[in-house]
Amino acid sequence: MFRLRDPVPMRAGNPVQRALRVEIESWSLREPFRITGRTIDAFDVVVVTIEEQDFVGRGEAAGVHYLGEDPASIVARIEAVRGAIEGGIDRTALHSLLACGGARNAVDCALWDLEAKRCRSPVWRIAGLQEPKPLLTTFTCGADDPARMADAARAYAGARSIKLKLTGEAVDAERVCAVREARPDVWLGVDANQGFSRAALERLMMVLERERVALIEQPFRVGEEHLLDGFCSPIPVAADESAQGVADLDVLAGRFQAVNIKLDKCGGLTEALAMARASEQLGLTPMVGNMGGTSLAMAPAFLVGQLCGLVDLDGPVFLRTDRAATVEYRDGFIDCGSMIWG
């Protein structure tokens, strides 16, 4: 049975002495990336470093842009609880101190990493997981001219799974057809990022079925989940923006068939692992995704992926450069060594 091991407690009468460092970094993309309502030129992330004696733990967060988070707001939330973090707070107490979102994600992952160093045991073992294996991951084509999206799909030469960003525009049908023609061999999913109306989805459905699309992600806006009531989709529908944490899952069951878990949304590895297990119990296929970032952000998400039926961890492939220690992409799979994190 899945069980998180309790954080290593502080010794009585021997307060933990920690130093917290919070930094903002900007990582340029190879080229602009478009989703519904937004074009991205760089991944701006917050990196938290917690030092305790000779041990160092790190965590990275990009935040949740559609909830108004940016690096400055993430840093402000972390700085507001600096005293508690440096005073020795553990992951359980952190959950009560910070709400879900990028700030808690960065600190939570840093605490996991720190504990792994202190215990000389990898995070996967502390978390009660099996030893991680490489995972089949999707590779994403941003919303663009159909021909350019087809070129992008071809450029993912080793990919076995591709996800398309759609926007609710009439050109979406051409985008899907162009990519399927370019890559008849791959699993294909589409992600609207809340960009569809129900009428737009109904018009597109015939094309999606014909082109063998296997997943529709977040078609409608948050708060409009009821539009799925009575909509008998032959293609599974996944919740993304509609699913922030464990507390959201009950209302999604019956409307969605899958849920995309992102550490930036839910506030770290601790909550993400709980979401993966709870999703399964509710009959929802757990999926792990990312808000973008470097290999440091993919590493904890890779552990969540060990519990998921769908994996979307391609953030670093869009970067001009990555960190010194990187995840490995090969033959459509992602692999993540313990030298990166945890």
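Other residues whose C-beta falls under 15 angstrom from the C-beta of Leu310 contribute a net charge of -3, scoring Lys and Arg +1 and Asp and Glu -1. Peptides 73-83, 27-37 ranked from most to least packed by the mean count of surrounding Cβ atoms within 10 Å: 73-83, 27-37.
Only helical runs count toward this figure. For the chain, summing -39,500 (n - 2.57) over DSSP H runs of n ≥ 4 and dividing by all residues gives -9000 deg cm²/dmol at 222 nm. For Tyr66, Tyr156, the sequence from fewest to most other C-beta atoms within 10 Å is Tyr66, Tyr156. Descending by average beta-carbon neighbour count within 10 Å, the peptides 253-266, 157-170 line up as 253-266, 157-170, the highest first. With a ≥ b ≥ c taken as the square roots of the eigenvalues of the C-alpha gyration tensor of segment 135-335, please select rounded if a/c is under 1.5 and otherwise prolate if a/b is larger than b/c or oblate if it is not? Oblate is the answer for segment 135-335, as a/c is 1.5 or above yet b/c matches or exceeds a/b.
Shape analysis of segment 54-176 places it in the oblate category; the axes a ≥ b ≥ c from the Cα gyration tensor give an a/c of at least 1.5, with a/b not above b/c. Restricting attention to the chain, lysine pairs at least eight places apart or on different chains and with alpha-carbon atoms under 25 angstrom apart total 9. May I ask for the angle, rounded to the nearest 10°, between helix 295-305 and the longest principal axis of the chain, with both axes built from Cα atoms and the value confined to 0 to 90°? For 295-305 against the chain, the angle is about 80 degrees. Using the Karplus relation 6.51 cos²θ - 1.76 cosθ + 1.60 with θ = phi - 60°, the per-residue 3J(HN,Hα) values for segment 38-50 come to 7, 10, 10, 9, 7, 9, 9, 10, 10, 10, 9, 10, 10 Hz, with x marking Gly and Pro. Taking the longest Cα principal axis of the chain as reference, the axis of helix 172-182 is set at about 90 degrees.
Look at (1) 6, 26, 31, 19, 9, 4, 2, 2, 1, 0; (2) 6, 27, 35, 23, 8, 2, 0; (3) 5, 23, 32, 24, 11, 4, 1, 0: the one that is P(r) over Cα pairs in 10 Å bins from 0, in percent derived from this structure is (2). Restricting attention to segment 135-335, close to 20% of DSSP beta bridges with both partner residues there are antiparallel.
Seen against the Cα atoms of the chain and their longest principal axis, helix 102-119 is set at about 50 degrees.
Overall, segment 188-342 carries a charge dipole of about 140 debye about its Cα centre when +1 sits on the Cβ of Lys and Arg and -1 on the Cβ of Asp and Glu, all other atoms neutral. The spacing between segment 16-67 and segment 200-222, judged by their C-alpha centroids, is 32 Å.
For Phe139, the residues 5 or more places off, or on other chains, whose built amide H falls under 5 Å of its own are Ser161, Ile162, Lys163. Net charge dipole, the chain: roughly 620 debye, given to the nearest 20, about the Cα centre with Cβ charges of +1 for Lys and Arg and -1 for Asp and Glu. Applying the Karplus relation 6.51 cos²θ - 1.76 cosθ + 1.60 with θ = phi - 60° to segment 55-66 yields 3J(HN,Hα) values of 10, 9, x, 10, x, 10, 9, 9, x, 10, 4, 6 Hz, where x marks Gly and Pro.
Since every read-out is calculated from the coordinates, none of them should be taken as a lab result. Worth saying up front: this structure is predicted, and the values here are computed from it rather than measured. Note: ideal-geometry Cβ built from the backbone for every residue, glycine included; neighbour counts use all protein chains shown.
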